[in-house]
Amino acid sequence: MQMSRLNFQIENEAQGSRARAGSFITLHGPVQTPIFMPVGTQATVKTQTVDSLRTAGSNVLLANTYHLMLRPGIEVFERFGGIHRFMNWDRPVLTDSGGFQIFSLPHSREMNEEGARFASYVDGKTHLLSPEVSIRMQRAIGSDIMMVLDQCIPSTSEYAMAKAAMDLTHRWAKRSLDARGDSPQAMFGIVQGACYLDLRAQSAETLANLPFDGLAIGGLAVGETKAEREDFTEATAALLPRHLPRYLMGVGTPIDILEAVHRGVDMFDCILPSQFAQRGVVFTSVGKLQLRRSVYKLAEDALDPACVCSTCQNYSRAYLHHLTKTSETLGWHLLTSHNLHFYHKLLREIRASILDDSFARYYRQKREALVRSDEDHPVIPPRRNRPSRSERWQQIGDYELHTPEDGSHSNIRQISSGEIMHSVSDPAAEAKLLYIDQSRFAERLSQNRADPLVLWDVGLGAASNAMAAIACFEKELSKNPKLRPLQLISFEKDMNPLLLASKHAFRFQHLRHPAPYALLERSSWTHPSGLLSWALLKGDFLDFYRSATAPDIIFYDPFSFKTDSALWKPEVFATLHERCSGKAADLYTYSSSTAVRAALLAAGFYVGRGVMTGPKAETTVAYTQAFLSETAEVSRAPLLGAEWIERWKRSQAKFPASVLPEQYGTFAKSILGHPQFASLKLLPFIVEGAV
């Protein structure tokens, strides 16, 4: 094991988790982990002074090599002897290499083995950012920790592209080490490999054999889902050397950080504390608040009653609401100061809980608290200028029209969360592949039966799945006038996505049909043949699913776990299974998360691997026992087996969040004792945290 310039020491590791507390020594002082590093891209954290940063609890700042190379330039740092004297900061600094910024300039740079050649946004001059140039600049900046130059690509990239970028990153990593020479500054390598576990393993092994002082997990938070990010964070962290600090680059929200610490990460950075503050969004002990909401106009109480920062001690929510609505810089400063205080306090609490062996309990409690918000009545994030007429035409409520750069299709984006419906694939194509084809919908409509086929469409959204079912019905009806009747029931609480998409039917081909407009107008539509009825149950799915006609097929497509977390709980799936009792019913969903599959199994469903769609290598299918008894094996998805069980045992998310510690043992028995795994002869499994 090679000597590190940081002398990283692990002080304790949490029971029942990969979370760890450690410390290391830099050229400008000690660092305790886990730690959050505010982003000071231009040698300043936006709206903050070094005094306000110290008061908030900041100990390490992140600065960016790409931006500082362009302005003020290397000669300034050489004259001042580095960034610390230049910005009057006497604590540690980590410098990013500029790789992500180059990634963000796809139309104004040229990438090759030598490096990245790009045009400066300052004066238009052409620059070459190579590993040698990046390290020379970081040496001049005098950062305590330097990052190697890497090639960052979208996490959803194809395998060949991901491997090529990883291999180039490895070659650049070796050149970066050579360029460091005898500098006492520490240096971190960056693990790449997109969303491919074998590439992540190759990258971790290659970099672990080089004399780095720490390793970063790069190439995440650039296109993958939250569940995928957590899975690859956990898998990659487990591959990294125990004796080096681990840094997850560019992540994230407080809940993202808690989840990543749980998975073995030590260091974090993100622009969100200041970026959210600029939009009037703050994190508090009672949840995330949107201060632009009019509910705060007359609120005299403190921003966060449990916070001791100067913002909470001296200003009311009403005043902070006013500053936000008027776009005053003071509001941005005060809210950023609070958000940074919140982040640092969270990391101190996490560290303390690891040291005193209470992290498992802290994690369960905090995990729920950190996802609370005041968004029961969502607001639209502010725009600096009044939207143009064309922009207003492309928005309704909390949703806006979104078209990928290639213009291949359109979809709907939720403004408050930033999440996109069908973010990669054409919505109509994905609906056909994931739901219609997988469920053998056409074949089942063609059955010579008088009783209706009942389809539940959970999460109507822009009606992609429902209209795919109607299109299939009409196609089959043209071939067979004695088609089995179809009863389609859609569940939706927010009609704005469909309203918005219907305004742009020229972009959404599946809406060039009278059915969705009838549904919007009167919540129902009947096909002229009389063989198809479509009903909308408008409101919370949880208010209807116990009383609606029991389904034969369920297209389970809530927007996301983040926005519809209540719909992914084990108790919901248990009630669904009960509603299907005795029926040959099947359920299809885009999620492939371990927790969702475990919840379905615990509810009594038989669970299988669904087809690949977009960036997802797998989706999920669930069956009742009666369905398996009536359906030939070749006509259904392969069921999960021993490989999945082993993965579930190793997972840090084996129990859904709503399962209490005292229920862990019972929940685990429901999985391991499921008839689906009866032939595996599973060994006894000890569940940590079970009472």
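Conditions tested, residue by residue: (1) buried (at least 22 other Cβ atoms within 10 Å of the Cβ); (2) aliphatic (A, V, I, L, M); (3) at pLDDT 95 or above; (4) within 24 Å of Gly539 (Cβ to Cβ).
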site	(1), (2), (3), (4)
Asn465	yes, no, yes, yes
Leu488	yes, yes, yes, yes
Ala501	yes, yes, no, yes
His513	no, no, no, no
Could you please let me know if Leu323 is within 18 Å of Lys226 (Cβ to Cβ), of a type outside the set (S, T, N, Q) and modelled with pLDDT of 95 or more? no
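I need the full set of residues from region 236-259 which are closer than 22 Å to Lys366 by Cβ, outside any helix (DSSP H, G or I) and among the hydrophobic types (A, V, I, L, M, F, W, C), in order please.
Our first condition is that a residue be closer than 22 Å to Lys366 by Cβ; within region 236-259, this holds for 237, 246-248, 250-259.
Filter once more, keeping what is outside any helix (DSSP H, G or I): 246-248, 250-253.
Across region 236-259, the qualifying residues are Leu248, Val251.
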Of all residues in region 147-189 being in contact with a Ser or Thr (Cβ under 6 Å, 6 or more places away or on another chain) and under 26 Å from Asn7 (Cα atoms), which is surrounded by the fewest Cβ atoms within 10 Å (Cβ to Cβ)? His170
Taking into account only those residues within region 295-326 that are more than 29 Å from the chain's Cα centre (by Cα) and either outside the structural domain of Ala277 (by TED's automatic domain parsing) or small (Gly, Ala, Ser) (or both), which is surrounded by the most Cβ atoms within 10 Å (Cβ to Cβ)? Ala302
Would you pick out the residues in region 575-616 that are part of a helix (DSSP H, G or I) and of a type in the set (A, V, I, L, M, F, W, C)? Leu576, Ala595, Val596, Ala598, Ala599, Leu600, Leu601, Ala602, Ala603
Taking region 131-164 and keeping residues among the hydroxyl-bearing types (Ser, Thr, Tyr) and either closer than 15 Å to Gly193 by Cβ or at pLDDT below 95 (or both) leaves Ser155, Thr156, Ser157, Tyr159
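Checking the condition touching a residue at least 60 places away in the same chain (Cβ under 8 Å) and buried (at least 19 other Cβ atoms within 10 Å of the Cβ), which residue from Thr55, Thr26 passes? Quick ask: steps written out before the conclusion?
Working: Thr55 fails: buried (at least 19 other Cβ atoms within 10 Å of the Cβ).
Exactly one residue qualifies, and that residue is Thr26.
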Between a residue in region 69-88 that is closer than 20 Å to Arg54 by Cβ and of a type in the set (Lys, Arg) and any residue that is modelled with pLDDT of 95 or more and surrounded by 13 or more Cβ atoms within 10 Å (Cβ to Cβ), which pairs come within a Cβ distance under 9 Å, given they are 6 or more apart or on different chains? Arg85/Gly142
Condition test on Pro497, is it assigned by TED's automatic domain parsing to the domain that holds Ala535, within 23 Å of Glu443 (Cα to Cα) and either in a loop (DSSP other than H, G, I, E, B) or within 32 Å of the chain's Cα centre (by Cα) (or both)? no
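Output the residue which, of all residues in region 165-186 that are over 30 Å from Arg85 (Cβ atoms) and modelled with pLDDT of 95 or more, is nearest to the chain's Cα centre (by Cα). Explain how you work it out, then say what you get.
At the first step, the residues of region 165-186 found to be over 30 Å from Arg85 (Cβ atoms) are 165-171, 174.
So of that shortlist, the ones also modelled with pLDDT of 95 or more come out as 166-171, 174.
Working: Met166: 22, Asp167: 26, Leu168: 26, Thr169: 24, His170: 26, Arg171: 30, Lys174: 31 Å.
My answer is Met166.
Please enumerate the residues belonging to region 288-319 that are touching a residue at least 40 places away in the same chain (Cβ under 8 Å), part of a helix (DSSP H, G or I) and over 18 Å from His344 (Cα atoms).
Just the residues of region 288-319 that are touching a residue at least 40 places away in the same chain (Cβ under 8 Å), to begin with: 288-293, 295, 309-310.
Subset that is part of a helix (DSSP H, G or I): 295, 310.
If the condition is that a residue be touching a residue at least 40 places away in the same chain (Cβ under 8 Å), part of a helix (DSSP H, G or I) and over 18 Å from His344 (Cα atoms), then Val295 is the only one that fits.
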State yes or no: is Ile25 within 20 Å of Gln185 (Cα to Cα), out of contact with any Pro (no Cβ under 9 Å at 6 or more places or on another chain), assigned to a strand (DSSP E or B) and at pLDDT 95 or above? yes
Where residues in region 220-235 are of a type in the set (A, V, I, L, M, F, W, C) and in a helix (DSSP H, G or I), which of them is farthest from Phe276 (Cα to Cα)? Ala235
Name every residue in region 622-646 that is exposed (fewer than 14 other Cβ atoms within 10 Å of the Cβ) and not in a helix (DSSP H, G or I), in order of residue number. Ala632, Pro638
Considering region 409-463 alone, what residues qualify as being without any contact (Cβ under 8 Å) to a residue 12 or more places away in the chain and either over 22 Å from Asp586 (Cβ atoms) or assigned to a loop (DSSP other than H, G, I, E, B) (or both)? Gly418
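The values are calculated or read from the model by the stated rules, or taken from the named source; none is laboratory data. Note that the structure is a prediction, hence the values are computed from the model and not measured. Every residue, glycine among them, receives a Cβ derived from its backbone with ideal geometry; neighbour counts consider all protein chains shown.
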